[in-house]
Amino acid sequence: MSAWPRAAELGLIGCHVCGQVCGMTDADDGTLACPRCGSTLHRRKPAAYARCWALLIAAFLMYIPANILPIMRTASLGDIDDNTILSGVVELWVKGSPGLAVIVFCASIVVPMLKFLALGTLLISSRRGSSWARRQRTQLYRLVELIGYWSMLDVFVVALLTALVRFGYFSLVEPLPGVVFFGLTVVLTMFASMCFDPRLIWDGKEDSDD
Amino acid sequence: MDLSPPDATTDATAAQSLLICEHCDTVHRRCPLAKGELAECARCGAVLERCRGLGANTLLALILTALLVFAQATLWPIVTLGLNGQHVDATLWDVIHTMWTDHSQVVAVLAALTLFVFPLCKIFMLGWLLLYARSGRRAPGFRLLMVTLHRLGPWTMSEVFVLGALVSIVKAHLYFDVQPDPGIYAYAALMLLITIFAGVDLTRLWDETREESP
Ligand SMILES: [Zn+2]
Ligand SMILES: [Zn+2]
């Protein structure tokens, strides 16, 4: 018997939107609406595994061209230079802003990779009902939710530089398809992490570490 | 489990005395919080609820400031670049417009939504709710607005844009004369306000306000 009762064991359900505690039976799943805010109540988010996997895979498929294709073209005096995400980071580092290069590297490369690895790990381990490091895995999920949208950084940088660098023949910046793929990657990973239900982490067998 | 379900299930006021962790589904008994305190889930460490140190009046004043600052950040140019005596500046709308005309409509739409539409909606909705919450009342449309605010969640990205502007300035500085314009300061102020609001637990408005008797 566990020290902390879970809502499902007590026949209760918490509203995700407003936090209201409601009573329910097994038959109610997906048909009950929160009396306070009107949102549909789910014991667990519907089809969390399928939706999260689908979005994560779609995001990964977008992430490949986002990294291979250049995101930005700089043209000055007939000199054309195409930048990928990685070469943009290297340029910042070499040209004397290592601090900022690290920030951009984290936002554009570490955060998306972390999201893929973290959500993948969470999906697989929760599916198996693993009791390994449950608290840490929940914290990992919170981290993914918290930092996920900072990956948009590079997209905004390209947008801003494109709007600013308009000196015709002397200097011009253009966005290239890579930036569109990257933007889509970020949006899809954000949707993926929203579809995952962290309560699934705790749904397997209870273990002594609990 | 030999835990009997609390009689709370049917009683609405007793249901208020329970909290369910949205990250691990653990049921907690609610304790009154002092100002600035927060309740954490014993099992997974999630924040269950947070008692803001700021009253509705203060929050309303901050929201009005945010609206003002947001208008300035959006309307004023952010930076000016100079090259051979030529000068180019850009506002947020120039940024969105150039992306639209430069074959990156997806980016233009993303930027327009996350940097303009959603933040503006958030500010107006919060302002409206707080206007009534000052006297413990629920604004017309309270339910819809609270649900929409919840759904908007992470889709406002002004703070990411500020960092993006910083990176752009550093990159542009290598080749051009860069002059920061008032817009960037307005954005910095906006970022500060966003940080303050990030610590406010809005779901408490459900408990702190009463439906008006018809
Ligand atoms: Zn609700
Ligand atoms: Zn918890």
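We did not get these values from a lab; they are worked out from the coordinates using the rules stated. Computed from a predicted structure; not experimentally measured. Heads up, the Cβs are rebuilt from the backbone with ideal geometry, glycines too, and the neighbour counts pull from every protein chain shown.
Taken over the Cα atoms of the protein assembly as shown, the convex hull encloses 151 Å³ per residue.
Taking N as the number of residues in chain A, what value does Rg over Cα atoms divided by 2.2 N^0.38 Å take?
Numbers: Rg = 22.1 Å, N = 210, 2.2 N^0.38 = 16.8 Å.
Computed over Cα atoms of chain A, the ratio equals 1.32.
Note on B:V200 and A:M113: the model spin-label points, each 7 Å out from Cα along the C-beta direction, lie 3.9 nm apart. Ratio of Rg to Rh for region B:56-208: 1.05 [Cα atoms; Kirkwood radius as inverse mean 1/r over pairs]. With both labels modelled 7 Å from their Cα along Cα-to-Cβ, the A:W93 to A:Q136 distance reads 2.8 nm.
Among all lysine pairs in the protein assembly as shown that are eight or more places apart or on different chains, how many have alpha carbons less than 29 angstrom apart? Before the final figure, lay out each step's value.
Working: A:K45/A:K115; A:K45/A:K205; A:K45/B:K122; A:K95/B:K171; A:K115/A:K205; A:K115/B:K122; A:K115/B:K171; B:K35/B:K122.
Lysine pairs meeting both conditions in the protein assembly as shown amount to 8.
Considering the convex hull of the alpha carbon atoms of region A:109-174, report its projected area averaged over all viewing directions, in nm², one decimal.
Value for region A:109-174: 5.5 nm².
For region A:92-210, what does the convex hull of the Cα positions come to per residue, in cubic angstrom? Mind dumping the intermediate values first?
Numbers: hull volume 13.6 nm³, N = 119.
Each residue corresponds to 115 Å³ of Cα convex hull volume.
Across region A:66-115, how large is the tail of the calculated P(r) beyond 16 Å, expressed as a percent of all Cα pairs? The calculated P(r) of region A:66-115 puts 46 percent of pairs beyond 16 Å. The phi-based Karplus calculation (6.51 cos²θ - 1.76 cosθ + 1.60; θ = phi - 60°) puts the 3J(HN,Hα) values of region A:111-128 at 4, x, 4, 4, 5, 4, 5, 5, 5, x, 4, 4, 4, 5, 5, 5, 4, 7 Hz, whole numbers, x for Gly and Pro. The Cα atoms of region B:39-118 define a convex hull whose projected area, averaged across directions, is 9.4 nm². Computed 3J(HN,Hα) for region B:149-157, one whole-Hz value per residue from the Karplus formula 6.51 cos²θ - 1.76 cosθ + 1.60 where θ = phi - 60°, is 4, 4, 5, 5, x, x, 8, 10, 10, glycine and proline marked x. Which of these, B:L120, B:L174, B:L60, has the largest mean-square fluctuation under a Gaussian network model of chain B (Cα springs below 10 Å)? Highest fluctuation of the listed residues: B:L174. Which whole-Hz ³J(HN,Hα) couplings does region A:8-16 yield from phi under the Karplus relation 6.51 cos²θ - 1.76 cosθ + 1.60, θ = phi - 60°, glycine and proline marked x? My calculation for region A:8-16 gives 4, 6, 9, x, 10, 8, x, 6, 5 Hz in order. Between the amide H of B:L48 and those of B:A39, B:E40, B:C41, distances stay under 5 Å, these residues lying 5 or more places away or on another chain, with hydrogens modeled in the peptide plane. Here's how it looks for B:T26: its modeled amide H is under 5 Å from those of A:A7, B:C21, which are all 5 or more places away or on a different chain.
Per residue of B:152-165, other chain Cβ atoms within 10 Å of the residue Cβ number 5 on average. Given a 10 angstrom Cα cut-off, can you work out which residue in B:A39, B:A66, B:A188 is the most mobile in a GNM of chain B? So, out of B:A39, B:A66, B:A188, the one fluctuating most is B:A39.
Find the eigenvalues of the gyration tensor of the Cα atoms of region B:10-65, then list the square roots of 5 times those eigenvalues as equivalent ellipsoid semi-axes, largest first, in whole angstrom.
Working: eigenvalues 136, 44, 21 Å².
Ellipsoid half-lengths, sorted descending, are 26, 15, 10 Å.
Under the rule of at least 5 residues apart or a separate chain, name every residue whose amide H is placed under 5 Å from the amide H of B:A90. For B:A90, the qualifying residues are B:I78, B:V79.
With each run of n ≥ 4 DSSP H residues scored as -39500 (n - 2.57), what mean residue ellipticity at 222 nm is computed for chain A after dividing by its residue count and rounding to the nearest 500 deg cm²/dmol? If you can, show how the numbers build up before the last one.
Working: 8 runs with 105 residues, N = 210.
Using -39500 (n - 2.57) per qualifying helix, the result is -16000 deg cm²/dmol.
Values of log10 I(q)/I(0) for region A:83-141 across q = 0.12, 0.17, 0.28, 0.29 Å⁻¹ run -0.44, -0.63, -1.05, -1.10, by the Debye formula with one identical scatterer at each alpha carbon and no solvent. Among A:E9, B:E49, the order by Cβ neighbours within 10 angstrom, fewest to most, reads A:E9, B:E49. From other protein chains only, count the Cβ atoms within 10 Å of every residue's Cβ in B:64-77, then give the mean. Taking the mean over all residues of the peptide, I get 0.
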